[in-house]
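The block underneath contains the structure these notes are about, expressed in structure tokens.
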């Protein structure tokens with residue numbers, strides 16, 4: 001782990017479901033889904049509290065300190 | 001408005017009386033799970049064949065959940081939106097066990113304690129369901145909770161979130177208390193269905209305040225008899241469902257009463273029968289309660305002397 005703010009120029013830190021992740025700079029939300037093994041799974045993605053439609057995930061370039069939520073459906077009443 | 005509902009039903013029953021009677025006697029329903037001669041429940045743009053909406057939480061297994069949903073006769077099931085567990089991406093998903101050609105999913109905002117959070121979760125649920133091609137993407141079961149202990153709704157947050165979600169194009173089915181004034185305000189804000197709790201979520205206490213629920217029905221259906229009112233939460237056993245339906249609610253949403261019954265599959269069947277029985281009893285129109293007896297056999301031509309008068 002690098003100290004905060006000391007990431008290499010080609011790397012960014014984002015927070016996925018509250019957990020820190022390091023990604024290559026310039027990566028998209030779809031790239032992130034692929035990296036965590038969820039591409040093609042039934043999930044919805046929110047970046048900084050705004051839903052990103054599935055069709056737009058490949059165009060949504062992530063920036064340092066972005067906060068993402070990746071959610072799915074579970075049993076509930 | 002109750003009279004209007006009864007009259008409407010009676011005219012259809014007359015056309016279909018023989019079949020209706022047989023179905024009722026058997027305590028069974030047609031393949032779609034509704035009593036013959038019954039009109040379907042409409043909520044917003046949705047038409048539901050069953051008047052039970054069943055939750056998918058807290059079952060011992062997905063297989064048991066699937067069997068119970070089938071036995072309940074429901075065609076609409078609630079689901080929750082939660083963070084994907086990143087370390088368990090290859091694990092089972094509830095969607096692997098729900099036949100989406102059979103069930104319309106009703107995503108909820110359970111666990112939200114502010115209007116802001118509930119709106120976020122509703123939008124995520126919509127995105128998930130749109131992606132699945134499920135019709136349920138256009139509606140939401142809105143819950144804005146007041147505290148963890150009671151899980152009672154926060155009325156102010158619930159009103160705020162209803163307004164925002166209606167403006168955002170959702171059909172909002174809104175969990176609320178049995179307060180008739182709040183219920184009326186939610187309808188005025190454009191809620192597609194107001195869903196008063198019978199008693200706290202998961203408490204199994206049934207309908208604690210039938211009087212309030214009746215006033216909710218009176219207000220919400222005034223001049224609008226088909227406005228759907230669904231009891232959401234508190235059911236403990238089948239008679240609770242029947243009692244709610246007998247009051248004239250349009251449907252009942254339940255989860256724990258089936259999922260945590262000692263025999264969930266049997267309870268799912270009981271709920272289905274109770275819902276149909278309660279609905280039929282409402283439409284049939286119950287007799288008034290009286291303080292004293294009224295003989296069922298003729299008072300005349302008895303071979304024995306008349307009984308003593310109490311005075």
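The values are calculated or read from the model by the stated rules, or taken from the named source; none is laboratory data. From a predicted model like this one, the values you see are computed outputs, not experimental measurements. Backbone-built Cβ (ideal geometry, glycine too); neighbour counts: all protein chains shown.
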**Message:** Quick check on residue B:138: is it in contact with a helix residue (DSSP H, G or I) (Cβ under 8 Å, 6 or more places away or on another chain), in contact (Cβ under 8 Å) with a residue 60 or more places away in the chain and surrounded by fewer than 19 Cβ atoms within 10 Å (Cβ to Cβ)?
**Reply:** yes
**Message:** What's the number of the only condition in (1) within 14 Å of chain B (Cβ to nearest Cβ); (2) modelled with pLDDT of 95 or more; (3) touching a helix residue (DSSP H, G or I) at 6+ places or on another chain (Cβ under 8 Å) that residue A:38 fails to meet?
**Reply:** (2)
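Listed residues B:115, B:110; which is surrounded by 19 or more Cβ atoms within 10 Å (Cβ to Cβ), closer than 21 Å to residue B:164 by Cα, more than 8 Å from chain A (Cβ to nearest Cβ) and in contact (Cβ under 8 Å) with a residue 12 or more places away in the chain?
Details: B:110 fails: more than 8 Å from chain A (Cβ to nearest Cβ).
After applying the criteria, what remains is B:115.
Among the residues that make up region B:203-223, is at least one of them under 17 Å from residue B:141 (Cα atoms), assigned to a loop (DSSP other than H, G, I, E, B) and under 14 Å from the mean Cα position of the chain (by Cα)?
So in region B:203-223, the residues under 17 Å from residue B:141 (Cα atoms) come out as none.
No: region B:203-223 contains no residue that is under 17 Å from residue B:141 (Cα atoms), assigned to a loop (DSSP other than H, G, I, E, B) and under 14 Å from the mean Cα position of the chain (by Cα).
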**Asked** So which residues in region A:63-77 are more than 16 Å from residue B:127 (Cα to Cα), surrounded by fewer than 22 Cβ atoms within 10 Å (Cβ to Cβ) and either within 14 Å of chain B (Cβ to nearest Cβ) or in contact with a helix residue (DSSP H, G or I) (Cβ under 7 Å, 6 or more places away or on another chain) (or both)?
**Response** A:67, A:75
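Limited to region B:78-98, what total is found for residues that are more than 8 Å from chain A (Cβ to nearest Cβ), more than 14 Å from residue A:70 (Cα to Cα) and more than 21 Å from the chain's Cα centre (by Cα)?
Residues of region B:78-98 more than 8 Å from chain A (Cβ to nearest Cβ): B:85, B:87-88, B:91-92, B:96-98.
Now drop any that are not more than 14 Å from residue A:70 (Cα to Cα), which leaves B:91-92, B:96-98.
Those left that are additionally more than 21 Å from the chain's Cα centre (by Cα): B:91-92, B:96-97.
Qualifying residue count for the region: 4.
Please tell me if residue B:39 is at pLDDT 50 or above and in a strand (DSSP E or B). Before the answer, list the steps.
Numbers: at pLDDT 50 or above: yes; in a strand (DSSP E or B): no.
No; evaluated as a whole, the condition is false for this residue.
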**Message:** Need pairs with beta-carbon distance below 6 Å; first residue more than 13 Å from every other protein chain (Cβ to nearest Cβ) and within region B:249-271, second part of a loop (DSSP other than H, G, I, E, B); sequence gap 6+ or separate chains.
**Reply:** B:250/B:228; B:251/B:51; B:267/B:261
**Asked** residue B:160 fails exactly one of the following numbered conditions: (1) within 14 Å of chain A (Cβ to nearest Cβ); (2) in contact with a helix residue (DSSP H, G or I) (Cβ under 6 Å, 6 or more places away or on another chain); (3) assigned to a helix (DSSP H, G or I); (4) buried (at least 17 other Cβ atoms within 10 Å of the Cβ). What is the number of that condition?
**Response** (1)
**Message:** Just the residues that are surrounded by 10 or more Cβ atoms within 10 Å (Cβ to Cβ) and without any contact (Cβ under 8 Å) to a residue 40 or more places away in the chain, please, taken from region B:285-310.
**Reply:** B:302
**Asked** Can you tell me how many residues in region B:200-213 are within 14 Å of chain A (Cβ to nearest Cβ) and over 20 Å from residue B:159 (Cα atoms)?
**Response** 3
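Just checking, which of B:173, B:186, B:217 is at pLDDT 95 or above, farther than 16 Å from residue B:78 by Cβ and crowded, with 24+ Cβ neighbours inside 10 Å? Talk me through it step by step, then tell me what you get.
Values: B:173 fails: farther than 16 Å from residue B:78 by Cβ; B:217 fails: crowded, with 24+ Cβ neighbours inside 10 Å.
Answer to the selection: B:186.
Please go through region B:254-273 and pick out each residue that is part of a helix (DSSP H, G or I) and crowded, with 24+ Cβ neighbours inside 10 Å. First the steps, then the outcome.
Filtering region B:254-273 down to residues part of a helix (DSSP H, G or I) leaves B:256-259, B:264-273.
Within region B:254-273, B:257, B:258, B:268, B:271, B:272 meet the criteria.
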**Message:** Filter region B:163-184 down to the residues that are in contact with a helix residue (DSSP H, G or I) (Cβ under 9 Å, 6 or more places away or on another chain), more than 15 Å from residue B:212 (Cβ to Cβ) and in a helix (DSSP H, G or I) and list them by number.
**Reply:** B:163, B:164, B:165
**Request:** Could you look through region B:239-248, keep only residues that are surrounded by fewer than 24 Cβ atoms within 10 Å (Cβ to Cβ) and touching a strand residue (DSSP E or B) at 6+ places or on another chain (Cβ under 9 Å), and pick out the one that is nearest to the other protein chains (Cβ to nearest Cβ)?
**Result:** B:247
